[in-house]
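The values are calculated or read from the model by the stated rules, or taken from the named source; none is laboratory data. Just so we're clear, the structure is a prediction, and the values are computed from it rather than from any experiment. Backbone-built Cβ (ideal geometry, glycine too); neighbour counts: all protein chains shown.
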Amino acid sequence: MTATAAVTRDLLIETAEQLFAESGIHGVSMRRINQAAGQKNTSALHYHFGSKGALIEAIIEQRMRGINARRLQMLDEIEQAGKATDLTAIVSAIVFPLAECLSAGSRTSYYIQFLAQVYGDPAIRGAHLVSGKFDEGYQRCFALIRQNLPEIPDRVLRQRLLVVTGIVVYILSNFERESRSQQAKNRALDIAFFSSNLVDFLVGAISGKASDGTLELLSNQGQRRA
């Protein structure tokens, strides 16, 4: 790929990410993305990606590769520091790599809103696009959480971790949208505080004792399936 073609491809990805974030996946046509990116060649998107589905995958790949690498780096540092039993540190490795998109570089962030649109569309199966490709860090986080909470039944914990994924994406998506109107000098501090407070909330939600009512329902379901 030539340097010019690479620049065009990146521009199309950034433009599509913003439009998908603002208008939804099905609210944006390939033609609209071409026009917004200033492409006179109406077949530019098809040349670089072939289809809208492939374009969505390219956006995720471009962003999630770095996010996953950052998550793995944080986990390596956690384990090297002997903090593999620190739930706050582990959950921080879930939240912060994604939250850092909000303040990365000079470009306005739309990725988390885009991701929320993808995850919210049952036809796209957003989790499937990440699974096995860019979720190694996520899976390591979940494995460490399981090791640290053996007293919580596996089914209860799996449901909680699934909810965590949704909370992180959708809450950060809302914050991303609202924070674009804030002054730059306050934004970095707000992102750090918001992310840290979100981590505290998630640690409590994940590690809380299952109620007697939940455990009874779990037991009854197990008996019916036996």
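Say we look at the range 59-68 and pick out the residues that are touching a residue at least 40 places away in the same chain (Cβ under 8 Å) and surrounded by fewer than 18 Cβ atoms within 10 Å (Cβ to Cβ); which of these is nearest to Y119 (Cα to Cα)? Spell out the reasoning first.
Within the range 59-68, the first condition is being touching a residue at least 40 places away in the same chain (Cβ under 8 Å), and the residues that meet it are 59-65, 67-68.
Still in the running and surrounded by fewer than 18 Cβ atoms within 10 Å (Cβ to Cβ): 61-62, 65.
Working: E61: 15, Q62: 17, R65: 17 Å.
It comes out as E61.
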ask   = Only one of (1) in contact with a helix residue (DSSP H, G or I) (Cβ under 9 Å, 6 or more places away or on another chain); (2) part of a helix (DSSP H, G or I) fails for T4. Which number is that?
value = (1)
note = Selection over the range 71-97 where residues are surrounded by fewer than 21 Cβ atoms within 10 Å (Cβ to Cβ) and within 22 Å of N174 (Cβ to Cβ) yields a count of 1
query = Going by the conditions given, is S51 under 19 Å from Q113 (Cβ atoms), loosely packed, with under 14 Cβ neighbours inside 10 Å and among the hydroxyl-bearing types (S, T, Y)?
reply = no
message = For the range 13-47, which positions are at pLDDT below 90 and not in a loop (DSSP other than H, G, I, E, B)?
response = A44, L45, H46, Y47
message = Looking at the range 62-72, can you tell me whether even one residue there is assigned to a helix (DSSP H, G or I), under 29 Å from A84 (Cβ atoms) and of a type in the set (V, I, T)?
response = yes
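Output yes when any residue across the range 103-118 is within 17 Å of Q139 (Cβ to Cβ), under 17 Å from the mean Cα position of the chain (by Cα) and not aromatic (F, W, Y), and no when none is. Explain how you work it out, then say what you get.
First, the residues of the range 103-118 that are within 17 Å of Q139 (Cβ to Cβ): none.
The answer is no; no qualifying residue exists.
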